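The block underneath contains the structure these notes are about, expressed in structure tokens.
The values are calculated or read from the model by the stated rules, or taken from the named source; none is laboratory data. All values reported here derive from a predicted model rather than from experimental measurement. Ideal geometry is used to build each Cβ from the backbone, glycine not excepted, and the neighbour counts take in all protein chains shown.
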Amino acid sequence: MRVLVTGGFGFTGKYLLTHLLEQGHQARAMESKLDDIEQMNAELKQFDPQVVVHLAGISNARHSIVNEFYDVNLIGSRNLLVSIADNCPNISCVVMASTAHVYASEDGGILSEKSLIKPGNDYAVSKYSMELMARLWMKRLPIVITRPFNYTGIGQPVEFVIPKIVEHFNAKEPVISMGSTHLFREFGDVRDVVDVYAHIIEQPPVDETLNICSNQPVRLDDVLKSCKNITGHELRVEVNPAFVREGEPETLIGDRTKLSTFYPTLRPRELNDTLSWMLTTQ
């Protein structure tokens with residue numbers, strides 16, 4: 001199929017494009033910016049994609065320019081849907097990547113697609129606003145909304161916690177500054193995430209919202225121990241109060257029941273496999 005990926009030059013997009021090309025799809029990254037409607041119209045009309053996977057957006061919740069969350073994640077996404085509706089007569093699937101941060105994370109536990117929605121920052125609000133906006137288009141376009149939980153891999157920016165830890169071990173740093181390390185979280189593998197996206201475009205669960213998660217809870221303490229075992233290096237953890245979020249739940253992971261029903265053969269990688277890949281590939 002002809003697959004257009006927004007954010008195709010980003011962390012997840014690069015892996016997705018490689019995966020799709022290996023599967024035989026005619027896949028490319030969208031070059032137009034989401035605020036350049038004329039260029040986007042021309043590019044979509046020329047390529048005439050059968051599938052669009054919308055990954056572009058501001059994904060760092062600590063991004064300093066708050067208005068850009070809404071300009072890009074909400075208004076930019078609406079511009080894209082308008083352009084697809086006007087220029088892509090052969091479209092069979094539009095995947096809109098939201099985030100698991102839309103859930104009421106302070107409640108903790110195992111979060112399913114039916115869990116309480118309560119975004120806790122502008123990033124999460126902008127993504128849930130995107131979801132609501134996308135629902136206005138579901139009668140015109142075959143839309144699937146995904147809510148990925150934490151995932152990682154080689155090439156993820158170091159402002160995310162796992163790449164930060166890996167960088168410190170690879171550089172043999174003596175100390176690392178972190179927040180709470182005893183909380184249970186999940187950290188999926190980007191290769192599994194793009195595998196799910198590839199499966200979605202083959203069998204689109206249109207009008208559905210789908211968690212992308214591993215449902216494998218792990219403590220950052222255990223991540224540090226695994227990295228020590230893999231590298232033989234030991235570093236000291238200093239707790240930085242600036243990185244500690246008040247009221248964080250002890251456990252926060254995704255319920256993958258719906259994902260498993262949709263993709264029963266998916267077997268998420270163990271985090272230790274992901275860490276070994278990240279630590280031993282220079």
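Numbers at a glance
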{"quantity": "Pair list, Cβ < 7 Å and 6+ apart or interchain, from the stretch 78-95 residues that are crowded, with 19+ Cβ neighbours inside 10 Å to residues that are among the polar types (S, T, N, Q)", "calculated": "Leu80/Thr6; Ser83/Asn41; Ile91/Gln50; Val95/Thr146"}
{"quantity": "Within the stretch 99-186, strands (runs of 3 or more DSSP E) holding 3 or more residues that are surrounded by 22 or more Cβ atoms within 10 Å (Cβ to Cβ) and at pLDDT 95 or above", "calculated": "143-148"}
{"quantity": "Selected residue (only one of Ala85, Ala42, Ala27 is within 21 Å of the chain's Cα centre (by Cα) and not β-branched (Val, Ile, Thr))", "calculated": "Ala27"}
{"quantity": "Identity of the residue in the stretch 216-244, part of a loop (DSSP other than H, G, I, E, B) and under 21 Å from the mean Cα position of the chain (by Cα), that ends up nearest to Phe184 (Cα to Cα)", "calculated": "Pro217"}
{"quantity": "Only one of Ser83, Ser59, Ser32 that is of a type in the set (Ser, Thr, Tyr), over 19 Å from Pro148 (Cα atoms) and part of a loop (DSSP other than H, G, I, E, B)", "calculated": "Ser32"}
{"quantity": "Verdict on Val194 being assigned by TED's automatic domain parsing to the domain that holds Glu106 and either modelled with pLDDT under 95 or in contact with a helix residue (DSSP H, G or I) (Cβ under 6 Å, 6 or more places away or on another chain) (or both)", "calculated": "yes"}
{"quantity": "Failed criterion for Val52 (all others in (1) on the phi < 0 side of the Ramachandran plot; (2) out of contact with any Phe, Trp or Tyr (no Cβ under 9 Å at 6 or more places or on another chain); (3) surrounded by fewer than 22 Cβ atoms within 10 Å (Cβ to Cβ) hold)", "calculated": "(3)"}
{"quantity": "Number of the exception - Pro89 against (1) touching a strand residue (DSSP E or B) at 6+ places or on another chain (Cβ under 9 Å); (2) in a loop (DSSP other than H, G, I, E, B); (3) not small (Gly, Ala, Ser)", "calculated": "(1)"}
{"quantity": "Residue pairs meeting the criteria (Cβ under 7 Å; at least 6 apart or on separate chains; first assigned by TED's automatic domain parsing to the domain that holds Thr99, in the stretch 123-144; second of a type in the set (Asp, Glu) and surrounded by fewer than 16 Cβ atoms within 10 Å (Cβ to Cβ))", "calculated": "Met138/Asp207; Ile143/Asp207; Val144/Glu208"}
